[in-house]
Amino acid sequence: MNKMGHLSFGIALGSVYVAFGVPQPRDLQDGVVMALTIAGTALGCLAPDLDHRSSTASRWISPFPARWRRRLRMAGSFLLFAAAVLLSWGMLARAGYASPPPASLLKSVPLLAGAGIIGWVLARLREMVLIFVGALLLAAWAIYGLHWFVPFGGATFMILPALKHRGLIHTPEFAAPLTIGAFSLVSGSNDAVKGLATGLVIGWWSHLAGDAFGREGIRSLLLPKVRVAFRLFKNGGAGEKLLSSASWAVAGIALVWGWQ
């Protein structure tokens, strides 16, 4: 499934849940819970594609397309190389092995190096943000002794840059502890937080279900040769567009029905 397919299908499932999962009579607080559940579903149904560099979720972190990332990486490398050459030239001149470079060029070394580092950071922004978030979660768990789901999430963020698309986080074996951990983490929280976590879980499983409809399907982590692929439609094809339209209709009907 593409972005709109995942989003529509996930929100349809989230809407059906809030229509029947939030008790009546409805009030403003129930409306907030329902809205947060839908928001969590929207987040959850796109989050598994963080393992893909060009996915919508990854572009939230790094908005640069692939060609711009290549250009930034090349520019950063060139600037760092230029800074290294000038610095080496200056060191050789001090040792008496070369004539001294122009002072203006030597003064530009920090600027060139800084610009090169910025270029590299922007080219690898997605990877750096994911690793930083993962390290932050692991550090918070180690310092404050937080819930086990925190290091689970931290370790996941840390390894995400190395994962292939439709790999580890697209497996049911990963979604299962994510589900258990999310519900365990918010078990003592208020309804709004529980709704957000519930939506995240619904969205995550809806993403796996949506991928299972297509040709590539999803695989098992423990049994890699086991694959679920119903081959109902091509990614972004007419079948997916039909399912997307039907999902939006179901979502609208469920929300209207659920608030009555």
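The values are calculated or read from the model by the stated rules, or taken from the named source; none is laboratory data. Keep in mind that this is a model prediction, so the values were computed, not measured. Backbone-built Cβ (ideal geometry, glycine too); neighbour counts: all protein chains shown. Areas reflect the complete protein model, heavy atoms only, side chains present, ligands, DNA and RNA absent. Shrake-Rupley method; radii C 1.70, N 1.55, O 1.52, S 1.80 Å.
Computed over protein heavy atoms with a 1.4 angstrom probe, the accessible surface ordering of Trp60, Trp141, Trp120, largest first, is Trp60, Trp141, Trp120. Less than 5 angstrom separates the built amide H of Asn2 from those of Gly236, all sequence-distant by 5 or more or on a different chain. Computed on segment 51-185, with alpha-carbon pairs under 8 angstrom and 6+ residues apart, the relative contact order is 27 percent. For the residues Gly210, Gly195, Gly116, a GNM of the chain with alpha-carbon springs under 10 Å puts the largest fluctuation on Gly116. What's the angle, to the nearest 10 degrees (0 to 90), between helix 149-159's Cα axis and the longest principal axis of the chain? Tilt of helix 149-159: around 50 degrees. Leaving out ligands, DNA and RNA, what percent of the accessible area of the chain is carbon and sulfur, probe 1.4 Å? On the chain, the fraction of accessible area on carbon and sulfur atoms equals 72 percent. For q values of 0.11 Å⁻¹, compute log₁₀ I(q)/I(0) with the Debye formula on a Cα-only model of the chain, without solvent. The computed values of log10 I(q)/I(0) come out as -0.73. Springs between Cα atoms under 10 Å define the GNM used for the chain, and in it the highest mean-square fluctuation of Ile169, Ile61, Ile143 occurs at Ile143. Counted by Cβ distance under 15 Å from Leu46, the other residues give a net charge of +2, where Lys and Arg count +1 and Asp and Glu count -1. For the chain, a Gaussian network of Cα nodes joined below 10 Å ranks Gly203, Gly214, Gly188 by mean-square fluctuation, and the top entry is Gly188. To the nearest ten degrees, helix 109-123 and the longest principal axis of the Cα atoms of the chain are 20 degrees apart. From its DSSP helices (H runs of at least four residues, each -39,500 (n - 2.57)), the chain gives a residue-normalised ellipticity at 222 nm of -23500 deg cm²/dmol.
Taking the longest Cα principal axis of the chain as reference, the axis of helix 238-259 is set at about 60 degrees. Within the same chain, lysines fewer than 8 places from Lys234 are excluded, and of the rest, those with a Cα less than 26 Å from its Cα are Lys3, Lys164, Lys225. Across the chain, Cα pairs under 8 Å and at least six residues apart give a relative contact order of 34 percent. A Cβ-based charge dipole, computed about the Cα centre of segment 48-156 with Lys and Arg at +1 and Asp and Glu at -1, lands at about 420 debye. Considering Cα pairs under 8 angstrom that are at least six residues apart, work out the relative contact order of segment 109-260 and quote it in whole percent. Relative contact order for segment 109-260 comes out at 14 percent. Going by a ≥ b ≥ c, the root eigenvalues of the Cα gyration tensor, does segment 155-248 fall in the rounded group (a/c under 1.5), the prolate group (a/b larger than b/c) or the oblate group? Oblate, since a/c reaches 1.5 and b/c is not below a/b. Computed from the alpha carbon atoms alone, the convex hull of segment 16-166 holds 194 Å³ per residue.
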